[in-house]
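Novice: Mind having a look at this structure? Questions to follow.
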Amino acid sequence: MTTYDLVRGLHILAVIAWMAGLLFLPRLYAYDAEQADKPEPLRSEMRALLRTWQTRLLRIILDPAMAAAWAFGGWLIWIDGTTRGWDFLLQPWMLAKLAGVLGLSAWHGFIAGERRRVQGGTSVRSARFWRMTNEVPFLMAVIMVLSVTTEWTFG
Ligand code: HEM
């Protein structure tokens, strides 16, 4: 077993936790938005519960998992760069992977910021919006995973 293999495994585990959180948090926002037509006190009770889950999911799973995915991914870049040269960073597959990583991190930032608006009652996003955008992180993951596993090039 090499350090590289171990770090790659830890990277994949962090990514699994990150993806799980990215796919679940928007669902909790959709359920929160759907409480608008519920009668009181059910609406307040459900929202209190959903908002506790939103905050916990973000603080206990999403934020640490993103930090770990970046830390282990950065470590892999370091090992790759120092052993096989830094030019892999400019290969099309790696550029696609890095673009996906930036996109996923931006999406994380967006849904993390949205928590304050949802819980402060100022969010303008509907349950339909959250259901329609729910597949965005998964589509980005398809690009990123296939880029690193195939290391595709043009022609
Ligand atoms: C957060 C920042 C990230 C960085 C800096 C990063 C960087 C890297 C690097 C350098 C490798 C080794 C590539 C190689 O030479 O084979 C790697 C492997 C991998 N990454 Fe990431 N990555 C990140 C996030 C992600 C995400 C979000 C996903 C999936 C959604 C992902 C999926 C994978 C997989 C599956 C591998 C293993 C590929 C293999 O061994 O064939 N990574 N990552």
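The values are calculated or read from the model by the stated rules, or taken from the named source; none is laboratory data. This is a predicted model, so every value here is computed, not measured. Virtual Cβ from ideal backbone geometry, glycine too; neighbours counted across all protein chains shown. Accessible surface areas use protein heavy atoms only, side chains included; no ligands, DNA or RNA. Shrake-Rupley method; radii C 1.70, N 1.55, O 1.52, S 1.80 Å.
Novice: I'm trying to understand the selection: among the residues of region 1-30, which are open to solvent by less than 80 Å² (accessible area, probe 1.4 Å) and more than 16 Å from Ser105 (Cα to Cα)?
Specialist: Thr2, Tyr4, Asp5, Val7, Gly9, Leu10, Arg27, Leu28, Tyr29, Ala30
Novice: Further question: Quick one: Val15 ticks every box in (1) over 16 Å from Ala127 (Cβ atoms); (2) over 19 Å from the mean Cα position of the chain (by Cα) bar one, so which box is it?
Specialist: Against the list (1) over 16 Å from Ala127 (Cβ atoms); (2) over 19 Å from the mean Cα position of the chain (by Cα), Val15 comes up short only on (2).
Novice: Do the conditions hold for Leu50, that is, is it open to solvent by less than 70 Å² (accessible area, probe 1.4 Å) and within 13 Å of His108 (Cβ to Cβ)?
Specialist: Judged against the criteria, Leu50 is not a match.
Novice: Scan Ala99, Ala106, Ala68 and give me the residue that is under 14 Å from the mean Cα position of the chain (by Cα) and buried (at least 16 other Cβ atoms within 10 Å of the Cβ).
Specialist: Answer to the check: Ala68.
Novice: Tell me which helices (runs of 4 or more DSSP H) are completely within region 1-110 and hold 1 or more residues being within 11 Å of the ligand (Cβ to nearest atom) and more than 23 Å from Leu139 (Cβ to Cβ), or say none if there are none.
Specialist: Correct list: 3-34, 63-84.
Novice: What are the residues in region 115-131 that are out of contact with any Ser or Thr (no Cβ under 6 Å at 6 or more places or on another chain) and not in a loop (DSSP other than H, G, I, E, B), if any?
Specialist: Hits for region 115-131 are Arg115, Arg116, Val118, Gln119, Gly120, Ala127, Arg128, Phe129, Trp130, Arg131.
Novice: Next up: Among the residues that make up region 132-139, is at least one of them in a helix (DSSP H, G or I) and farther than 16 Å from Arg27 by Cβ?
Specialist: yes
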